[in-house]
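Undergrad: First, the structure itself, so that you have it in front of you.
What follows is calculated from the coordinates using simple rules that are stated; it is not laboratory data. If you're wondering where the values come from, they're calculated on a predicted model, not measured in any experiment. Cβ sites come from the backbone with ideal geometry, for glycine too, and all protein chains shown count toward neighbours.
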Amino acid sequence: MDVKQSSVEALRRITRALDVHSRALLQKHSLTGPQLNVLKELARQGQAPIGTLAKSTYLGAPTVTGVVDRLERHGWVTRVPGKEDRRQVLITISAAGKRMLARNPPLIMETFCRKLLRCPQAEQQQIGEVLQKVASMIEQSALNGGGEQG
C-alpha cells in the first residue's frame with residue numbers, strides 16, 4: 001500500500017471511529033459528540049455566546065446553533081440575554097445539563113489523550129506535530145473548496 005492510500009485509509013478510519021463513538025453516545029446518553037463537546041465547554045466557561053462556543057469547540061457557528069437548539073430541547077441548556085447588551089444571547093448550562101455531565105459520558109478526545117499520555121514523550125511530541133500538520137492540510141483543502149491550491 002502506498003503512502004497516499006494508507007493516509008486516506010487512516011483518515012477514513014478516524015472519521016469512522018468518530019462517527020461510531022458519536023452514535024454510541026447518542027444511543028447510551030441521548031446526545032452526540034458535538035453536543036457533549038458544547039455541553040462540556042459550557043460547564044467550563046459558565047456561559048458563552050454561540051460565536052465563542054464555535055471557536056472553543058472548533059465547530060462552525062451554524063453547527064453550534066443547531067447543537068444548542070437540540071440541547072435546549074432536552075433542557076440541558078438555556079438561552080439568556082446578555083447583561084450589558086440585551087441583544088446578545090448567552091448560552092448557559094442548566095441543572096439538567098450538569099446532571100447529564102455527572103453521568104460522565106466520555107468524549108473520544110479525552111480517551112485519546114489518556115492513551116497518548118502513555119506513549120513516550122518523544123512519541124507524544126511526534127504524534128502532536130503530525131496531527132497538527134494533518135489538521136492544517138485538511139483545513140486548507142476545506143477552505144479551498146477541495147481544490148489543490150496551497
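Undergrad: Taking the 0 to 90 degree range and rounding to the nearest ten, how far is the long axis of helix 121-143 tilted relative to the main principal axis of the chain, both from C-alpha atoms?
TA: It works out to around 80 degrees.
Undergrad: Can you find, among Gln125, His74, Leu107, the residue farthest towards the positive end of the dipole of the chain? Put +1 on the C-beta of Lys and Arg, -1 on that of Asp and Glu.
TA: In the chain, that residue is His74.
Undergrad: Using only Cα atoms, find the angle between the long axis of helix 61-74 and the longest principal axis of the chain, and express it within 0 to 90 degrees, rounded to the nearest 10.
TA: 50 degrees
Undergrad: May I pose another question? Counting other beta carbons within 10 Å of each residue's own, what order do Lys55, Lys40 fall into, fewest first?
TA: Lys55, Lys40
Undergrad: Placing unit charges on C-beta atoms (Lys and Arg positive, Asp and Glu negative, everything else neutral), compute the dipole magnitude of the chain about its Cα centre in debye, rounded to 20.
TA: Its charge dipole is roughly 720 debye.
Undergrad: Among Thr15, Thr65, Thr92, whose mean-square fluctuation peaks in a Gaussian network model of the chain (Cα, cutoff 10 Å)?
TA: Sorting by GNM fluctuation, first place goes to Thr15.
Undergrad: Fewest Cβ neighbours within 10 Å first, please rank Glu84, Glu139 accordingly.
TA: Least crowded to most crowded, the residues run Glu84, Glu139.
Undergrad: From the alpha carbon gyration tensor of the range 18-86, can you work out the equivalent ellipsoid semi-axes (sqrt of 5 times each eigenvalue) and give them in Å, largest to smallest?
TA: For the range 18-86, the semi-axes come out at 22, 13, 10 Å.
Undergrad: On to the next question. If one computes P(r) from the Cα atoms of the chain, what percent of pairs lie at distances over 24 Å?
TA: Percent of Cα pairs beyond 24 Å in the chain: 45.
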